[in-house]
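Working notes, beginning with the structure itself.
The values are calculated or read from the model by the stated rules, or taken from the named source; none is laboratory data. Quick caveat: nothing in here was measured; it's all calculated off a predicted structure. Every residue, glycine among them, receives a Cβ derived from its backbone with ideal geometry; neighbour counts consider all protein chains shown. The accessibility values were calculated without ligands, DNA or RNA, using every heavy atom of the protein model including side chains. Shrake-Rupley method; radii C 1.70, N 1.55, O 1.52, S 1.80 Å.
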Amino acid sequence: MDRLGSEGGEATAGPHPDIASAIRTPDQRVRVFVSSPLDELAPERLAVRRAIEQLRLTPVMFELGARPHPPRELYRAYLAQSHIFVGIYWQRYGWVAPGESVSGLEDEYLLSAGIPRLLYLKTPAPDREERLSKLIERMKSEDSASYRHFETPAELAGLVQDDAAVLLSERFEAAHVVPTELSSRTVSSPPLPPNPTVGRDPDISAVTELLLGGTRLLTLSGAGGIGKSRLALEVAQRLVDLFGPDLSYVSVEDVSDPELLMRTIADRLQVRIEGTEEPLDALIEYLRERRSLLLLDNFEQVVGAAAQIAALLDRCPRLQVLLTSRQVLRLQAEREYPVPPLDVSPERTAAARSSEHVPSAVQLFVQRARAVQPDFALTPANGAVVTELCRRLDGLPLAIELAAARIRLLPPEALLERIEHRLDLLAGGGPDLPARQRTLRATLDWSHQLLAPSEQALFARLSVFVGGATLEAIEDVCRDDGLELLDVLSSLLEKSLLASDAGETVGQPRLRMLQIVRDYAHERLVERHEMARFGDRHLDRFLRASEPANVVRHPDAYGYWPVIEADTDNFRAAVRWALEQRAMHPLAELSWNLFPWYWQSGRLLEARDWLNAAATLVGPDTAPMDAAHLWLWAGTARFQTGDLAGAEPMVTRATRTLRELGDETDAALAQIMQTGVLVGSGRLREVDDELDGALKVMRSRGIDWGVGFAAFTLGSLAELRGDLAGARSAHEETLAAAGRIGLEPLQALAQIQLALLDLREGKLDRARRRLVAAAAILERIRYLEGAGYALDAAAALAVAERRMEPASTAAHAADQIRERLRMPIWPPLRPLHDSLVAAGSGDRSPNVGGDPWFVLQETLSGG
């Protein structure tokens, strides 16, 4: 976006009074005035109308109803009552009425002053009228609106939804406004470089031109520390106006498994993944129609996932990918841009004071030296030495920064002498390393050698963290007697061996290492023979950190899950270490604490893989309780990912073992899962009466997560047995329990089941209200599996109302979701599904497109 709403004038002023302070009755919604030529952009207007309605806002448009008033009076009145102005422009300026100096199109824009404006320009526009061109230039020159380019109605609809949602979020949270220059940045926005970039203008321009020229996959290659990431971030800043929120930054330096790459990207872009849906498929669905730029940083960790990048590019024709990597991908679409080192040409220095004659490598050294010693200056006495120092460091920015960080301790002459000695030691060795890589290695060796013993110790121990850590976690894992932790951390920060990302973890600052520095620190940890000790301490820390997420032991566990989300990489590292060490008790506890989070955050495939691996490690020496917990969650993961045959024996064995151990609470939870597996497998005759007892245990312990799932399973079982009164009572209990802990997915599922019961009783209005409530939850949390169930129910409602075409479309959309997620039909819904197929088999739509939320809303609205 050329100016996102929160970065421009009136669009960033205080919240509109109607939005921020008015208390509305439920029938009053935010009104969005849509301005554009009626005939030239008719398909776009329809797409925008639907996009606005999907946000549950009210579109204000002339075609929604004729009124007995002159047009100018009408749109003036409409604008006066609107809260957001959306302008869509292509080639026509519009008619100028007699006695007027501007068209209605321009007049609407002028009259919208004072409310947030979102403007969209259709391209290409080879025949754009001159007066419209002048109006657009005026718009661009004013800091009172945001504007974006689009090509298709579908793309425009997505832009309007995204921008309106961001705008409303900012205004409803006006009491907690962040600084203007930051408020438009999304969770996946590229970070701003922490200090001015030196010597990269030609590279920034060249890379920018390649992307503007249509390069689909551009790899910035080069040795570690050469400045690939910094260059990519500067290019991103050049392009942020063009791509707006569809420019996304994802660092993959902490991802060691290529299989987790797409999952990581989806998390960063906040793309929800359902059940057994492949993250790649979810990303394709999300990016397919978007003109977007995806910046992937430190890709050398996951080059094995190159085929997935190729698939993204193949299926998303408007996607461009910019990645940084020490290794190219060797894909057909790839274009490589080798990032050069900074300029170190000695003939241009001559101890000059003017920056235009100073090599960029020297400029960087001076900049970073002044950060630790503000009075440092380049002089005739030290200029040649600094230049030679930068030359010996091959112009590598990271090496230069590490050296400059020592200027307070060592003058340039001493720095040069020490670095030359370290480089000479390495000159004849390491033939498998490129020269520049040997230079960086030598610089890290030298920098590490200058650390005090306490600094060396903490530097190595910090490498056990993946993706950084909070100060609290570092203190927990790394503190030793006699170690002044805060002082040592501050020293490592000053020496550029550690970086701080403020406020990234639920309000806490987060400390992290560059991956190349972390790799080096990890070697030092192994060298110190401390990996086992601090690997165990890291595991112990994150095992304890997972405990508040346990839904059985903590009624408010659901509210703790964002903390787990923020440290996903560290929990993965803890699981890997536990598997390597065959640490069965920690594995069992992690499964017990985290599985519900994995389940409901869309990480079932990941959980299934490590739980299966852990279950295979169970042996005669494994404590029975630990074995039972691993069997239970490994079996549940198999069930939730479609492996019904593999799930049942594991869950049954876990349930039997927990009963034998006499743990009433754990046995009750296992019973709930076992019954769910049997019901989902259609094996009703094997279901015993233990579920009622399990529900009573959950009630008596106040475990609402267990109450909710037990009651839901009990209600499903009652439906299958024809006990509709019992089913209603159970699902109402599910709804209440889920509401008490804010478990929205289960709330939506309970509303759907209750709506189906209402339909059986002929209470169509009540069924509709329930489904509308469920649909609002499902769309907000992007719960696609739940949308499939809701679409089935909406189809049933449409059949009851004899609206066969919408019923057919909704039923087909539900089938498409099941096919996409490889999700079986939940047995209580099988009769409904079969009846829908029979009722609509003659006119089922072959394809309903990629927006099930729109189909759901259209069906429920009677459209």
For the range 685-707 the number of residues that are in contact (Cβ under 8 Å) with a residue 60 or more places away in the chain and either closer than 17 Å to residue 824 by Cβ or not in a helix (DSSP H, G or I) (or both) is 2
Contacts under 8 angstrom Cβ, first residue in the range 530-552 being touching a residue at least 12 places away in the same chain (Cβ under 8 Å) and more than 30 Å from residue 737 (Cβ to Cβ), partner among the aromatic types (Phe, Trp, Tyr) and part of a helix (DSSP H, G or I), 6 or more apart: 535/577; 536/577; 538/577; 539/577
Is the range 568-589 home to any residue that is without any contact (Cβ under 8 Å) to a residue 24 or more places away in the chain and within 24 Å of residue 706 (Cα to Cα)? no
Residue check, residue 755 closer than 20 Å to residue 165 by Cβ and of a type in the set (Gly, Ala, Ser): no
Being of a type in the set (A, V, I, L, M, F, W, C) and at positive phi, is that true of even one residue in the range 497-511? yes
Based on this model, can you work out whether residue 130 counts as acidic (Asp, Glu), surrounded by 15 or more Cβ atoms within 10 Å (Cβ to Cβ) and at pLDDT 85 or above? no
So which of 261, 313, 296 ends up being of a type in the set (A, V, I, L, M), under 22 Å from residue 230 (Cβ atoms) and either in contact with a His (Cβ under 8 Å, 6 or more places away or on another chain) or touching a residue at least 40 places away in the same chain (Cβ under 8 Å) (or both)? 296
The residue from 636, 641 that alone is within 23 Å of residue 277 (Cα to Cα), surrounded by fewer than 22 Cβ atoms within 10 Å (Cβ to Cβ) and in contact (Cβ under 8 Å) with a residue 12 or more places away in the chain is 641
Being among the hydrophobic types (A, V, I, L, M, F, W, C), buried (at least 23 other Cβ atoms within 10 Å of the Cβ) and either at pLDDT 90 or above or under 22 Å from the mean Cα position of the chain (by Cα) (or both) narrows 220, 168, 239, 182 down to just 220
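Conditions tested, residue by residue: (1) among the charged types (D, E, K, R); (2) in a loop (DSSP other than H, G, I, E, B).
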{"position": "517", "(1), (2)": "no, no"}
{"position": "525", "(1), (2)": "no, no"}
{"position": "533", "(1), (2)": "yes, no"}
{"position": "542", "(1), (2)": "no, no"}
{"position": "552", "(1), (2)": "no, yes"}
{"position": "573", "(1), (2)": "no, no"}
{"position": "597", "(1), (2)": "no, no"}
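Table: residues versus (1) in a loop (DSSP other than H, G, I, E, B); (2) modelled with pLDDT of 90 or more; (3) under 30 Å from residue 378 (Cα atoms).
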position: 300; (1), (2), (3): no, no, no
position: 305; (1), (2), (3): no, yes, no
position: 312; (1), (2), (3): no, yes, no
position: 317; (1), (2), (3): yes, yes, no
position: 329; (1), (2), (3): yes, yes, no
position: 336; (1), (2), (3): no, yes, no
position: 344; (1), (2), (3): yes, no, yes
position: 352; (1), (2), (3): yes, no, yes
position: 361; (1), (2), (3): no, yes, yes
Total residues in the range 778-815, condition surrounded by fewer than 18 Cβ atoms within 10 Å (Cβ to Cβ) and either under 24 Å from the mean Cα position of the chain (by Cα) or part of a helix (DSSP H, G or I) (or both): 6
Among what's in the range 240-258 and is part of a loop (DSSP other than H, G, I, E, B) and not hydrophobic (A, V, I, L, M, F, W, C), pick the residue that is nearest to residue 229 (Cα to Cα). 253
Checking residue 281 against (1) open to solvent by less than 30 Å² (accessible area, probe 1.4 Å); (2) charged (D, E, K, R); (3) under 18 Å from residue 601 (Cβ atoms): exactly one of these is not met. Which one? (1)
Verdict on residue 300 being touching a strand residue (DSSP E or B) at 6+ places or on another chain (Cβ under 8 Å) and surrounded by fewer than 20 Cβ atoms within 10 Å (Cβ to Cβ): yes
Please indicate, with yes or no, whether at least one residue in the range 48-56 is surrounded by 18 or more Cβ atoms within 10 Å (Cβ to Cβ), among the small types (Gly, Ala, Ser) and either modelled with pLDDT under 75 or assigned to a helix (DSSP H, G or I) (or both). yes
Given the criteria open to solvent by less than 20 Å² (accessible area, probe 1.4 Å), in contact (Cβ under 8 Å) with a residue 40 or more places away in the chain and over 21 Å from residue 666 (Cβ atoms), does residue 602 qualify? yes
The correct count of residues that are surrounded by fewer than 21 Cβ atoms within 10 Å (Cβ to Cβ) and not small (Gly, Ala, Ser) in the range 560-571 is 7
Do we have any residue at all in the range 575-584 that's open to solvent by 30 Å² or more (accessible area, probe 1.4 Å) and not in a helix (DSSP H, G or I)? yes
Considering only residues of the range 368-382 that are modelled with pLDDT of 90 or more and in a helix (DSSP H, G or I), which is nearest to residue 224 (Cα to Cα)? 368
Selection status of residue 263, surrounded by fewer than 22 Cβ atoms within 10 Å (Cβ to Cβ) and basic (Lys, Arg): no
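Here is a yes/no grid of residues against (1) of a type outside the set (Gly, Ala, Ser); (2) open to solvent by less than 10 Å² (accessible area, probe 1.4 Å); (3) in a helix (DSSP H, G or I); (4) farther than 15 Å from residue 675 by Cβ:
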{"residue": "709", "(1), (2), (3), (4)": "yes, no, yes, no"}
{"residue": "712", "(1), (2), (3), (4)": "yes, no, yes, no"}
{"residue": "756", "(1), (2), (3), (4)": "yes, no, yes, yes"}
{"residue": "768", "(1), (2), (3), (4)": "yes, no, yes, yes"}
{"residue": "774", "(1), (2), (3), (4)": "no, yes, yes, yes"}
Residues that are at pLDDT 90 or above and either among the aromatic types (Phe, Trp, Tyr) or in contact with a Gly (Cβ under 9 Å, 6 or more places away or on another chain) (or both): does the range 386-395 have at least one? no
Is at least one residue of the range 140-154 at pLDDT 85 or above, over 22 Å from the mean Cα position of the chain (by Cα) and open to solvent by less than 40 Å² (accessible area, probe 1.4 Å)? yes
Note: among 724, 746, 695, just one is farther than 23 Å from residue 655 by Cβ and hydrophobic (A, V, I, L, M, F, W, C), namely 724
Could you run through the range 831-863 and say how many residues are modelled with pLDDT of 75 or more, open to solvent by 50 Å² or more (accessible area, probe 1.4 Å) and not in a loop (DSSP other than H, G, I, E, B)? 4
Within the range 379-397, how many residues turn out to be touching a helix residue (DSSP H, G or I) at 6+ places or on another chain (Cβ under 8 Å), among the aliphatic types (A, V, I, L, M) and open to solvent by 20 Å² or more (accessible area, probe 1.4 Å)? 2
